[in-house]
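Below: one structure, written as structure tokens.
The values are calculated or read from the model by the stated rules, or taken from the named source; none is laboratory data. Computed from a predicted structure; not experimentally measured. Here the Cβ positions follow ideal geometry from the backbone for every residue, glycine too, while neighbour counts run over all protein chains shown. Protein only, heavy atoms only, side chains kept; ligands, DNA and RNA dropped before computing areas. Shrake-Rupley method; radii C 1.70, N 1.55, O 1.52, S 1.80 Å.
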Amino acid sequence: MQSASVRAVVFDLGKVLLDFDYSIAARRLARRCVIPPEQIRDFINTTPLLYQLETGELTTDQFYKGVCSNTGFGGTLAEFTEFFADVFVPIEPMIRLHADLRRRGLPTYIFSNTNDLSVRHIRKNFPFFGNFDGYVLSYEHGLMKPQAAIYEVVERLCRRRGAEILYVDDRPENIETGAARGWNVILQETPEKTLAAVKKMGLLNHD
């Protein structure tokens, strides 16, 4: 890696800065559904409705109605929104890493396959989310990683290309697309490994 060339750091969100678990949502939704939590979790993890939500093909209301029709959820849209979105836990070492990079003067960006429900919840409950220079969110562009076109959106937003970008993501297929564009990449396996890789690049001081 050519650390001297890095001019922007791009973070995935889920499983990089915030952990999440849809089984939490499933347990809450089950209070108002006709099927058990395990079936709700499996439905959330496999339904094309979530893909359509995260590519902007469905509105939140349409997604809610689709979930209701498949699970028998009998609560209001407001209840559904609260149950569905509140599944995130901060990955503290990574949030500290982001803050350290900001203090070093590096611009940072969020690059995430996500949806409006989750983003509104995160923006409200996790203050660190407001401390980025820009955001590329799948539902706003009708594209999802690892589609190459959405990586082009990132490059236009941060006005950087190739090795000027350092990209951290937990999914190999997403990392591979970034690497193919010449980006510096880190596959997040654990926060500790990611932190060590960033330090090795010379972007942080060693303890």
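Considering (1) surrounded by fewer than 19 Cβ atoms within 10 Å (Cβ to Cβ); (2) in contact (Cβ under 8 Å) with a residue 12 or more places away in the chain, the lone condition that Ser118 does not fulfil carries the number (1).
Of everything in region 174-207 that is touching a Pro at 6+ places or on another chain (Cβ under 6 Å) and among the polar types (S, T, N, Q), the residue that is most open to solvent (accessible area, probe 1.4 Å) is Thr177.
Of the residues making up region 146-173, those that are open to solvent by less than 70 Å² (accessible area, probe 1.4 Å) and farther than 20 Å from Pro107 by Cβ are Pro146, Ala148, Ala149, Asp170, Pro172, Glu173. Close Cβ contacts (under 8 Å, 6 or more residues apart or on different chains) running from residues in region 14-27 that are farther than 16 Å from Val168 by Cβ and of a type in the set (Gly, Ala, Ser) to residues that are assigned to a loop (DSSP other than H, G, I, E, B) and open to solvent by 20 Å² or more (accessible area, probe 1.4 Å) comprise Ala25/Asp86. Candidates Phe43, Phe80, Phe73, Phe63: the one that is open to solvent by less than 70 Å² (accessible area, probe 1.4 Å), under 19 Å from Glu140 (Cβ atoms) and touching a residue at least 12 places away in the same chain (Cβ under 8 Å) is Phe63. Within region 108-122, is there a residue that is more than 15 Å from the chain's Cα centre (by Cα) and either modelled with pLDDT of 95 or more or over 20 Å from Glu54 (Cα atoms) (or both)? No; the residues of region 108-122 include none that is more than 15 Å from the chain's Cα centre (by Cα) and either modelled with pLDDT of 95 or more or over 20 Å from Glu54 (Cα atoms) (or both). The set of residues from region 1-36 being under 13 Å from Phe84 (Cα atoms), open to solvent by less than 40 Å² (accessible area, probe 1.4 Å) and not hydrophobic (A, V, I, L, M, F, W, C) comprises Tyr22, Ser23.
Of everything in region 127-145 that is closer than 24 Å to Phe63 by Cα and of a type in the set (A, V, I, L, M, F, W, C), the residue that is most open to solvent (accessible area, probe 1.4 Å) is Leu143.
Between Lys199, Lys145, Lys193, Lys124, the distinction of being in contact (Cβ under 8 Å) with a residue 24 or more places away in the chain and among the basic types (Lys, Arg) belongs to Lys145 only.
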